[in-house]
Amino acid sequence: MRVLGRGSIFWKYVAVFALAIGVSLLVDRVVESWFTYQDHRSALIRVQSQQAVAAADKISQFVREIEGQLAWMTHLSWAATTIEQRQIDGWRLLRQAPAITTLTMIDMLGKERLRVSRQAMDRIGSNVDHSTEIAFKTALNEKVYRGPVYFARESEPFMNLAVAGARREAGVAVGEVNLKHIWDVVNQIQVGRAGNAYVVDANGRLIAHPDISLVLRNTDFSQLAQVQAARARSAGAGGDRVETALDGNGRRVLAAHAVAAPLDWYVFVELPEDEANEPLYAAITRSVIVVVGGFILALLAALFLARRMITPIQTLTTGATRIGSGAFDHRIAITTGDELETLGARFNEMAAHLQSSYATLERKVEERTRELEAANLSKSRFLAAASHDLRQPLHALNLLIGQLRSEADPAERARVAARIERALDNMNELFDDLLDISKLDAGVIAPQLAAFPVQRLLEQVETTFAAAATEKDLSLRVVPSRLWVRSDPALLERVAFNLVANAIRYTRSGGVVVGVRREAEHARIEVVDSGIGVPADKQARIFSEFYRIAPADTSRSDGLGLGLAIVERLCALLGHQVTLRSTVNVGSRFMVTVPRTAAVSAAPQAEPPAMALVDSLRGKRVMVIDNDALVLESTAGILRSWGCEVVSASSGVEACARLEDAQLDLVIADFHLANGENGIDAIALLRRRLAHDTPAFLVSGDIGGAPRRAAQAAGLYLLDKPLSALKLRAMAMRMMSAPLMAAPAASSRALSP
């Protein structure tokens, strides 16, 4: 037992071990106390920052909602509505926005046309001149004016908000806004026992505080360090973030802030530093007690641990070495009943996981390989199907062009030209389907939900497909309905059109019935046909791309087989359910379930003026801009055939150079031009050259959302290539008749018509 003697090395190690534990414990408690202090302060600052951000968000949301409601009042020009309707809209606004106490509507010349107030009589047609007021001028130039805070009768804070319409003739809406909501937000923030929250404006003036007397005295907090630091950071001047500073009463506090955009107000949340440090003092006291007790226990624990740790540590070292060298089937056996045994068990679990991972790695690689092969196969099938169906009309088109060149008989040349036109129509239809699928997959279609009568959709179905049904000697019955539904009218119309077209295509005798059934809170649109039906084992596949079912006694059906795939994607986008019940040689029933809504009464709208029967394009001067010479020549040629005078250019600069005078009736520009230029820039350059907004629209073969969003932002229509002569003519005549028409939103209307 020499190893346990008084002077043995064992006891020396025990003493060193005890001393090391004691010193380590002391250092640990000191370091832990320091980090606890820092973490506690950081947590307090983080909580205060979150409170400030939440309050700033509520203030920002409050102001932006008011601005949005004022902007709603400036959607229409004064010429497009009556003063009585404006007054009704003003009353409605006051009901919807309790914070607005007074609404003043000013026309583009600065004359007051209407004043609606909660506290005074309405004033109509007073023509008070506001043209020199800063609210009116700022709103016209910057679209929004946010005035300073003031106190009415030294009680409640108010400010003025002014919003100008998107078009100058819409004028300006000015609202007097009660800011009591901001007081409520600040008063709801609880910061410890003695902390508080307050709001200052961009100049550091106090505008909301639990002590209202400070606000009413127009207190200036701009000299406080935390306010100066916040203003400097917002102005981009840099500087350190101030977390500890003096408040308005000279107390040392922890401060956090957030900016309430778009007003550049600052929300501060402050907690006295003495209160914040109370948990730290308690932690230091506990640490001293623990350190003293730890020194005593360290000497007792050192001997016990020295005896029990050597053998298990050696076992752990050996086992870890073997596992690290790749022997994942090795297991460590430790039965000490303490953390070392647990550690050994964790090593064993790690080895088992590694062994299992290596065993399944090859299987996972094979699964990923099969997934990649399936994706490549799907891509190849897509390209093969698209290539085959696009080559068919292209092949026919090549043969027909050759026949047209060699045909001398005028009547036969006319028949060949008609066949060429049909082949082009087929190609355009195929391209439209591919374009729609690409847009849906790219996620550039955003539905615009609205309540509308389903009868409108049924009438469009009957008008569109009556001739097609008659041509095939089929009956088309559309059952009227008085139900209203909530959906995107354009997208739901495309769903219904695809289903009806599919029903007519696969029905040889009998007919097609289209109707709507009431179903609890939903309406079920049904398309029923007496066609060939779909076998049960194929019903789940007909909504896949390029999957078509052709009758056994006929050739392959027209189209790419994308109609039902588009239906499924559109229904998923709209949140509608599409189902199918079908029996072979009996018929099919496609059903789309749509949310039902109550009927909405709307004010009658004036009928649009009928388009003149005369050709509005003849004699018009049109500028065509495209960097593709073939497209430029063909577009100019078709316009000249319609009687237009055409000026061609490949860029905006060339277009300005070729414009001999200031006379121009229409601009047609491709979105993507050479050298990084786009059609929007070219149109803007021409309009500056002409000094007026000449009617214009864009064409593009890019299906991405960026061109459409850019066109919408510029107020321009954008048509997708390939573009038929009919669509080109329709858009040109439409722009001639309504040159100030706003561009549509980049949403459901982005689908091919």
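The values are calculated or read from the model by the stated rules, or taken from the named source; none is laboratory data. Please read these numbers as outputs of a predicted model, since none were measured by experiment. Reconstructed Cβ throughout: ideal geometry from the backbone, glycine too, with neighbour counts over all protein chains shown. Surface accessibility is based on the protein's heavy atoms, side chains included, excluding ligands, DNA and RNA. Shrake-Rupley method; radii C 1.70, N 1.55, O 1.52, S 1.80 Å.
Between Ala446 and Ser601, full extension at 0.36 nm per residue minus the direct alpha carbon distance yields a gain of 53.2 nm.
Between Cys656 and Leu573, the C-beta separation translates, for a Förster distance of 56 Å, into a calculated FRET efficiency of about 0.85.
Principal axis extents of the Cα atoms in segment 441-511, from largest to smallest and rounded to whole angstrom, are 38, 34, 14.
Peptides 501-510, 216-225 ranked from most to least packed by the mean count of surrounding Cβ atoms within 10 Å: 501-510, 216-225.
Annotation: extensible slack from Gln96 through Ala408 equals 105.0 nm (criterion: 0.36 nm per residue apart, minus Cα-Cα distance). The share of C-alpha pairs in segment 34-131 whose separation exceeds 17 Å stands at 63 percent. Computed 3J(HN,Hα) for segment 507-524, one whole-Hz value per residue from the Karplus formula 6.51 cos²θ - 1.76 cosθ + 1.60 where θ = phi - 60°, is 10, 9, 8, x, x, 10, 10, 10, x, 10, 10, 7, 8, 6, 9, 10, 10, 10, glycine and proline marked x. Close amide H partners of Ala696, meaning residues 5 or more places away or on another chain with modelled amide H under 5 Å apart, are Val667. A full extension of the chain between Arg621 and Thr583 corresponds to an added length of 7.8 nm, given 0.36 nm per residue minus the alpha carbon distance. In this structure segment 84-189 gives 50 Å² per residue of accessible area when probed at 1.4 Å with all protein chains present.
Peptide packing: for 170-180, 580-590, the average count of neighbouring Cβ atoms within 10 Å per residue gives the ranking 170-180, 580-590, highest mean first. Site pair Ala467 and Arg168 shows an inter-label distance of 4.5 nm when each label is modelled 7 Å from Cα along Cα→Cβ.
Extending 7 Å from Cα along the Cβ direction at Ser49 and again at Ala684 yields two label points whose distance is 3.8 nm. Computed from backbone phi with θ = phi - 60° and the Karplus coefficients 6.51, -1.76 and 1.60, the 3J(HN,Hα) list for segment 686-696 is 5, 5, 5, 5, 8, 6, 7, 7, 5, x, 7 Hz; x is used for glycine and proline. The distance between label points at Ser222 and Ser509 comes to 9.1 nm (points 7 Å beyond Cα on the Cα→Cβ vector).
What the phi angles of segment 580-593 give under the Karplus curve with 6.51, -1.76 and 1.60, with θ = phi - 60°, is a coupling list of 9, 10, 8, 10, 4, 6, 10, x, 9, 10, 9, 10, 10, 8 Hz, glycine and proline written as x. Taking 23 Å as the limit for the C-alpha separation, the pairs Lys58/Lys180; Lys137/Lys180; Lys538/Lys721 exceed it in the case of Lys137/Lys180; Lys538/Lys721.
For Arg322 and Thr36, the FRET efficiency from 1/(1 + (r/R0)^6), where r spans their Cβ atoms and R0 equals 56 Å, is about 0.85. The calculated FRET efficiency for the pair Arg123 and Ser77, based on their C-beta separation and a Förster distance of 30 Å, comes to about 0.90.
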